[in-house]
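What follows is a short report on a single structure.
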Amino acid sequence: MRRSLSAACAARSSSGTRSRTLASSCEASFGVADPSAGQPRLLTLDGFEPFEAGGQVVDTVQVCVYNDDPAFAPAGHSVIQASLPMPYEWWATRGTRYGAEKEAIAERLLATLQKPFPSLRSSLRMTDVATPLTFWTMARSWRGAYEGWMPSAEGILGHVKKTLAGLDHFYMAGQWVEPGGGVPIALMSGRQVMQLICKGDFRPG
Ligand SMILES: Cc1cc2nc3c(=O)[nH]c(=O)nc-3n(C[C@H](O)[C@H](O)[C@H](O)COP(=O)(O)OP(=O)(O)OC[C@H]3O[C@@H](n4cnc5c(N)ncnc54)[C@H](O)[C@@H]3O)c2cc1C
């Protein structure tokens, strides 16, 4: 090892990756005493009265209906989850309003989902709102980024090195070195690190 990890990280963070973009979201999950049979697994809602949330105007909501696996909810129940892109900064600066903002967004989404899911309120049994801060608190996802760097034109073509200059025998794998992130991509990057190590040891990868 030729220099310390913190020195190598500092050099790396001042050399370009900060210009990449990342994204996070707010996930409002509604557990209902209804199997939601026949509902599509995924749908995009629009055409409703836009509302403000997370410091931005919301006119589209992605909805995921967890109705196709008995492990998702007790028998006869399902989970309807609404997803909104949300900046980490907004949630991180709510202070004592944080809990109230979560309740407000859940209420707003319940109203928005009422049309496609008319029995939502009457069958509602639990509500859970996860914010970018939740991803940080629960999973240590930096700034709540759920998939590391976003696959922007720059990010998807750009290459993120898996090594740090001056730090021998140190490799990085996971969502932060593969723009686009996600579990399959993180696994793939681990495989590539093994190939780099094998190459360094003059072994077939
Ligand atoms: C809500 C949500 C939904 C998602 N849905 C999907 C999906 O449907 N499909 C999909 O493919 N991907 C999904 N993703 C993305 C996917 O989970 C990540 O891209 C993937 O888990 C990244 O793997 P990783 O190994 O790079 O990092 P992680 O899985 O985040 O692992 C990093 C680990 O390092 C630990 N850590 C962090 N800092 C330190 C430290 N200083 N010291 C010690 N340990 C530390 C963390 O606690 C964590 O255990 C989702 C992510 C989120 C947040």
Check: Can you pull out the residues in the stretch 61-104 that are assigned to a loop (DSSP other than H, G, I, E, B), in contact with a strand residue (DSSP E or B) (Cβ under 6 Å, 6 or more places away or on another chain), farther than 22 Å from GLY148 by Cβ and of a type outside the set (Gly, Ala, Ser)?
Finding: ASN67
Next item on the list: Residue by residue through the stretch 179-188, note down the ones that are more than 19 Å from THR21 (Cβ to Cβ) and either of a type outside the set (A, V, I, L, M) or more than 13 Å from the ligand (Cβ to nearest atom) (or both).
Entry: PRO184
Note to self: Out of everything in the stretch 166-176 that is under 17 Å from ARG140 (Cβ atoms) and in contact with a strand residue (DSSP E or B) (Cβ under 9 Å, 6 or more places away or on another chain), what residue ends up being farthest from the ligand (Cβ to nearest atom)?
What the structure shows: MET172
Margin query: With the requirement that a residue be surrounded by fewer than 12 Cβ atoms within 10 Å (Cβ to Cβ) and either among the aromatic types (Phe, Trp, Tyr) or within 14 Å of the ligand (Cβ to nearest atom) (or both), what does the stretch 18-67 give you?
Written below: ARG41, LEU42
Next item on the list: Please verify whether the stretch 96-119 includes one or more residues that are over 22 Å from GLU49 (Cα atoms), surrounded by 15 or more Cβ atoms within 10 Å (Cβ to Cβ) and within 21 Å of the chain's Cα centre (by Cα).
Entry: no
Next item on the list: Pairs only if they're at least six apart or on different chains, beta carbon under 7 angstrom, first in the stretch 24-43 and over 23 Å from SER122 (Cβ atoms), second within 16 Å of the ligand (Cβ to nearest atom) and polar (S, T, N, Q); list them, first residue then second.
Entry: SER25/SER83; CYS26/THR131
Next item on the list: Determine if the stretch 123-140 includes at least one residue that is touching a Gly at 6+ places or on another chain (Cβ under 6 Å), part of a loop (DSSP other than H, G, I, E, B) and within 16 Å of the ligand (Cβ to nearest atom).
Entry: no
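Taken together, the values in this text are just the output of simple stated rules run on the coordinates, not laboratory data. Computed from a predicted model, the values in this text were never measured in an experiment. Using ideal geometry, Cβ is built from the backbone for each residue, glycine included, and neighbour counts are taken over all protein chains shown.
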